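Here's the structure we're looking at; comments come further down.
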Amino acid sequence: FQSVGAKIIPRLLRRFSESHPQVEVVLRESPDESELLEMIERGDLDVTFWTLPVAAGPYETVELLHDPYVLVVPSDSPLAALKRAPTLKEIVLQPIIGFNHCSAMDHVESQLASTGRSPNIVFRSDNNGTVQGLVGAGVGLAVSPRLTVDEDDPSVAVIDLHGRIPPRVIGLVWHSDRHRSAAAEAFTESALALCRELAAEPAAA
């Protein structure tokens, strides 16, 4: 998914290629999450990034990172001026820019619907930049995993929700019954080390 591609993969591949220059890494991506698991089952992929938990199947997983949800609002929004995190009931009253259906967005919508009111999704996109651009233009607000957000964008304010929505859990998935190469194990260890560093980095103000 885009946020992993933008925030994790570049640093991970640079580090891994330095420590394992003899290993060739081939990246595959798909707009359909289920296709990645099918590729794991067929042996076309050694490992895939995934939003955990994974469905039942011949899979093993490891958690890499807890990616907290944040509220992205126009910089002049009254919600940005609050001295506290808005409640889910306050958020669900607003027009919302959403992502096209994926496990992360399904999680957000179910949490918002738990308030007793269906979220008013006014636009959906597969593109993180489009979602944030529409928020900055005042079309609505977004509840997004922090990794998807450009926190240096002056047109938006990013509000920590302090766990009002449980974080997205990013992990790696591989086939439990297939032999794991030394290279695949080393890649997993490199990803774990990098994500520990990312988790320790302070969030932008």
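Hey, any idea what % of the stretch 80-205's accessible area is carbon plus sulfur with a 1.4 Å probe?
Numbers: 3220 of 6210 Å².
Taking all protein chains in place, the stretch 80-205 shows 52 percent carbon and sulfur surface.
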Inter-probe distance in nm under a simple model that places probes 7 Å from Cα toward Cβ, at ALA182 and ARG14: 2.7
Semi-axes of the equivalent ellipsoid for the stretch 1-59, Cα gyration tensor, largest first, Å: 22, 14, 10
Dimensions in Å of the stretch 58-178 - Rg and Dmax from alpha carbons: 15.2, 53
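Taking R0 as 41 Å, what's the FRET efficiency between HIS162 and ALA137 from their Cβ-Cβ distance, rounded to 0.05? Each step should come with its number before you reach the end.
Values: r = 27 Å, r/R0 = 0.65.
The pair HIS162/ALA137 has a calculated efficiency of 0.95.
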Dimensionless Rg ratio for the stretch 135-185, taking C-alpha atoms and the 2.2 N^0.38 Å reference: 1.82
Solvent-free Debye scattering, log10 I(q)/I(0), computed from the Cα coordinates of the chain at q = 0.13, 0.16, 0.19 Å⁻¹: -0.76, -1.07, -1.35
VAL169-CYS102 pseudo-label distance in nm [points 7 Å out on the Cα-to-Cβ vector]: 1.9
Charge context of PHE1, other residues only, Cβ under 12 angstrom, K/R +1, D/E -1: -3
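Once the other residues with Cβ under 13 Å from the Cβ of GLU185 are scored (Lys, Arg +1; Asp, Glu -1), what is the net sum? The partial results should precede the final answer.
Working: positive: ARG178, ARG180; negative: ASP46, GLU60, GLU189.
It works out to a net charge of -1.
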Formal net charge of residues neighbouring VAL158 (Cβ-Cβ distance under 13 Å; K, R +1; D, E -1): -4
Extension gain (nm, one decimal) between GLN22 and ALA199, 0.36 nm per residue minus Cα-Cα: 60.8 nm
Label-to-label distance, nm, for residues given as SER155 and GLU38 (7 Å Cα→Cβ offset): 3.6
For the stretch 98-169, alpha-carbon Rg and Dmax in angstrom: 11.9, 34
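The values are calculated or read from the model by the stated rules, or taken from the named source; none is laboratory data. Quick caveat, the model's predicted, so the values are computed rather than measured. Ideal geometry is used to build each Cβ from the backbone, glycine not excepted, and the neighbour counts take in all protein chains shown. These area figures cover heavy atoms from the full protein model, side chains too; ligands, DNA and RNA do not enter into them. Shrake-Rupley method; radii C 1.70, N 1.55, O 1.52, S 1.80 Å.
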